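The values are calculated or read from the model by the stated rules, or taken from the named source; none is laboratory data. A quick note: this is a predicted structure, and the numbers were derived from the prediction, not measured. Backbone-built Cβ (ideal geometry, glycine too); neighbour counts: all protein chains shown. SASA here: full protein model, heavy atoms, side chains in, ligands and nucleic acids out. Shrake-Rupley method; radii C 1.70, N 1.55, O 1.52, S 1.80 Å.
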Amino acid sequence: MRAHTILVTHPSADLYGSDRMLLESVQGLVATGARVVVTMPATGPLTAELEARDAEVRICPSPVLRKALLTPSGLIQLARETMTAAVKSLQLLAALQPDAVYVNTVTIPLWPILARLTGRRVVIHVHESEAQTRLALRRALNLPLFAAHKILINSRYSSHVLSSTWKKLHGRDTVIYNGVPGPAHPAPPRKSLTDGVRLLYVGRLSHRKGIAVAIDALAELTQRSIDAHLDIIGAVYPGNEEFEVGLKQSVADHGLEHHITFHGFQSPIWTHLEAADIMLIPSRFDEPFGNTAVEGLLGARPVIVSNTSGLREAAGSYACTRFVPPSDALALADAVAELSADWPRYSELAVLDAATAAGRHDPEIYRRQVARAVIGYPENVRPDTVESARRMQP
């Protein structure tokens, strides 16, 4: 019996949320005995991680759909990029003859269309959801989903936004909660905070992620004579370097140079989380899910999270979670003060919540669910047992 060949397409080579979920998906597909080929527009930190999981990596240019391109001049640029990329994409499809094409995110619209036109099974995994975006723009971004045989989506919130965007897609998606790897043995929280509270932010440095709100909250804490330090893990998008310059200027303006440390992008994050007391997720806008919140919970740390959309779904059922209004630095500071003042209770709750989160976001369960959806195994068949059965055949 011939092993399956799966072509996986992805828009970047970074190691943030959807990139990390790609690694879990690829690991699940490889476990079935399939040949897994991943194509990306460029190399980056993700490349070595994929190869370590026995995936082949092919660099193939493909236009990435961003809001900035949905303008008259942007559409012209998009059309040029699409024409150039289509030829190489078709060549790769012809050379591989994949049994299925797994498209990770809706931002690479060329792949599902070409895969469907060439008779391939198409599975699209949706990791994006922005209810605040204009309906016409949301419809344009999600139009490639009509080329999919199967749609996977990362939360009930994202599913609701998709249904409200295109009513014809209602009921066509399957929710699979992210499988998030955690530390094998989470380090217990510190017993006391006598030398100050240590805060941690992990994620992109961008306006929408709310890192500036965290800096303002730290300034408020110092004004209240609460000793606190904020470690910032993450970097800006290429081309957005001025935003980081502005953040560091804000730190200087507040006189917080000795209270805030910028570490840049770091992977893995567990040593930083182990040194921290509280994780901050201060997003200003809707998020489709909250991987970072789950990572904080897996690391046995209380989390303070913006009270929005998918973040509520990711962190809402844990006792050590505190929700605050988005963009409200005072509320964020209040939450830090509350957790610090009652630290023995919240640190104990965080340890209990870590075990719950580990069961709820078990990466192995996620991998099997994705593999079953991509390859099309029946519900009663475990995808990772197929290769063993194949080997037993005469």
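Observations on the model:
- Restricting attention to region 39-56 and to residues that are in a loop (DSSP other than H, G, I, E, B) and open to solvent by 70 Å² or more (accessible area, probe 1.4 Å), the residue that is farthest from Ala100 (Cα to Cα) turns out to be Thr43.
- Restricting attention to region 104-140, the residues that are closer than 22 Å to Ser164 by Cβ and part of a strand (DSSP E or B) total 3.
- Qualifying residue in region 285-295 (condition: closer than 19 Å to Gly182 by Cβ and either over 21 Å from the mean Cα position of the chain (by Cα) or open to solvent by 50 Å² or more (accessible area, probe 1.4 Å) (or both)): no
- Which listed residue is assigned to a loop (DSSP other than H, G, I, E, B), over 30 Å from His4 (Cβ atoms), modelled with pLDDT of 95 or more and not hydrophobic (A, V, I, L, M, F, W, C), from Pro183, Pro189: Pro189
- Residue within region 333-343 that is within 25 Å of Tyr177 (Cβ to Cβ) and open to solvent by 10 Å² or more (accessible area, probe 1.4 Å) present: no
The rows are residues; the columns are (1) modelled with pLDDT of 95 or more; (2) touching a helix residue (DSSP H, G or I) at 6+ places or on another chain (Cβ under 9 Å); (3) among the aromatic types (Phe, Trp, Tyr).
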{"site": "Gly316", "(1), (2), (3)": "no, no, no"}
{"site": "Thr321", "(1), (2), (3)": "yes, yes, no"}
{"site": "Val336", "(1), (2), (3)": "yes, yes, no"}
{"site": "Ala341", "(1), (2), (3)": "yes, no, no"}
{"site": "Tyr366", "(1), (2), (3)": "yes, yes, yes"}
{"site": "Ala371", "(1), (2), (3)": "yes, yes, no"}
{"site": "Val381", "(1), (2), (3)": "no, yes, no"}
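- Qualifying position, being open to solvent by 40 Å² or more (accessible area, probe 1.4 Å), within 21 Å of Asn291 (Cα to Cα), small (Gly, Ala, Ser) and out of contact with any strand residue (DSSP E or B) (no Cβ under 9 Å at 6 or more places or on another chain), among Ala184, Ala275: Ala184
- Scanning region 156-180 for residues that are in a loop (DSSP other than H, G, I, E, B), at negative phi and either out of contact with any Pro (no Cβ under 6 Å at 6 or more places or on another chain) or charged (D, E, K, R) (or both) returns Trp166, His170, Arg172, Ile176, Tyr177, Asn178, Val180.
- Positions within region 212-227 being out of contact with any strand residue (DSSP E or B) (no Cβ under 6 Å at 6 or more places or on another chain), of a type in the set (A, V, I, L, M, F, W, C) and in a helix (DSSP H, G or I), in sequence order: Ala212, Val213, Ile215, Ala217, Ala219
- Contact map, region 229-247: residues that are within 11 Å of Leu200 (Cα to Cα) and without any contact (Cβ under 8 Å) to a residue 60 or more places away in the chain paired with residues that are open to solvent by 40 Å² or more (accessible area, probe 1.4 Å) and assigned to a helix (DSSP H, G or I), Cβ distance under 9 Å, separation 6+ or inter-chain. Pairs shown: Asp231/His272; Asp231/Ala275; Ile233/His272.
- Among residues of region 130-155 being more than 17 Å from His10 (Cα to Cα) and of a type in the set (Gly, Ala, Ser), the one that is most open to solvent (accessible area, probe 1.4 Å) is Ala136.
- Figure legend. Inter-residue proximity from region 172-184: first residues within 13 Å of Val123 (Cα to Cα), second residues modelled with pLDDT of 95 or more and of a type in the set (D, E, K, R), beta-carbon distance below 9 Å, spacing 6+ or different chains. Indicated pairs: Arg172/Lys150; Asp173/Lys150; Thr174/Lys150.
- Considering each residue of region 3-24 in turn, none proves to be farther than 22 Å from Pro238 by Cβ, modelled with pLDDT of 95 or more, in contact with a strand residue (DSSP E or B) (Cβ under 9 Å, 6 or more places away or on another chain) and assigned to a helix (DSSP H, G or I).
- When each of Ile215, Ile281, Ile260, Ile211 is tested for being buried (at least 16 other Cβ atoms within 10 Å of the Cβ), in contact with a helix residue (DSSP H, G or I) (Cβ under 6 Å, 6 or more places away or on another chain) and within 30 Å of Leu162 (Cβ to Cβ), the lone residue that passes is Ile281.
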